[in-house]
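Rule-based calculations on the coordinates, nothing more; no lab input. All values reported here derive from a predicted model rather than from experimental measurement. Positions of Cβ are generated from backbone atoms using ideal geometry, with glycine treated the same way; all protein chains shown enter the neighbour counts.
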Amino acid sequence: MLDLFSNSRPDKQEIYPDLFVLANFVKTAPLLKEVEQIIEVSPFRKMMTPNGHYTGVALTNCGEYGWTSDRKEYRYSKIDPLNGRPWQSMPDRFKALAIEAALAAGFENFEPDACLINQYLIGTKLGSHQDKNEKDFSQPIVSVSIGLSAVFQIFGNQRAGKAVNYRLQDGDVVVWGKSARLNYHGIRTLTVDKLNPTCQQRINITFRKSH
Ligand code: MD3
Ligand code: FE
């Protein structure tokens, strides 16, 4: 359990009300190994969305429920629409990490039942949106960044306008809830890291309680 954490006392920053960054909170190599197992069964794929376009980011899931979309709607599903099978179960170290991070940010009793895994390649971005397909907004969302860094943007309760920008690095964990839970947010277009040009992708894992 302890080997999961890269810092004995990670620094916690509240970069926006009720939105906490735990910088360099976790060692990501073991997490990446788990992701590699998951994508053998449920590979990364872009999904059609109700606006008629595919997601720019490729995604998969693990856990009881997975976030999916099609031409009709966004929803959580127990079945991977690509292979017709249940999602891979959430690895124990994923669940432990999510609960530990939520606690570190002051959220008790987090019970994630869904784990969305996003893959960003250079040139992709995630437009401003709210996460509102979950049934219970009293629970936080926990996100873990792996690989290439990216700038995330928080707009508050409007889709656009003035944003707080923050560069998320490998091993950073973000926890948000309460007043920040429905804030608009996005990820700016990923670019090559000139100091680490062989790093070509960012993976982001988000833990939610969907039901
Ligand atoms: C909450 N993912 O999958 S997570 C998503 O890095 C998603 O892949 C992003 O948004 C990713 O739905 C961001 C971290 C994050 C960033 C900004 C936020 C969570 C936020 C701003 C407000 C509330
Ligand atoms: Fe989101």
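Principal axis extents of the Cα atoms in the chain, from largest to smallest and rounded to whole angstrom, are 43, 41, 40. Between the C-alpha center of segment 82-99 and that of segment 130-148 there is a gap of 15 Å. Annotation: the antiparallel percentage among DSSP beta bridges lying fully within segment 12-208 is about 95. Each label was represented as a point 7 Å from its Cα along the Cα-to-Cβ direction; for GLN158 and LYS135 these points are 3.5 nm apart. When each of VAL192, VAL151, VAL57 is scored by the number of other beta-carbon atoms lying within 10 Å, the sequence from fewest to most is VAL192, VAL151, VAL57.
To the nearest 0.05, how large is the calculated FRET efficiency for LEU82 and LYS178 if R₀ is 35 Å and r is the Cβ-Cβ distance? Efficiency, from the Cβ-Cβ distance: 0.50. Most simply put, segment 22-116 has about 80% antiparallel DSSP beta bridges, counting only bridges with both residues inside it.
Evaluate the relative contact order of the chain (contact order divided by residue number), counting alpha-carbon pairs under 8 angstrom at least 6 apart; express in whole percent. Normalised by residue count, the contact order of the chain is 25 percent. Taking Cβ atoms as reference points and 10 Å as the exclusive limit, the residues near VAL41 contribute a net charge of -1, counting Lys and Arg as +1 and Asp and Glu as -1. Taking each residue as 0.36 nm, the span from ASP11 to VAL41 lengthens on full extension beyond its C-alpha to C-alpha distance by 7.2 nm.
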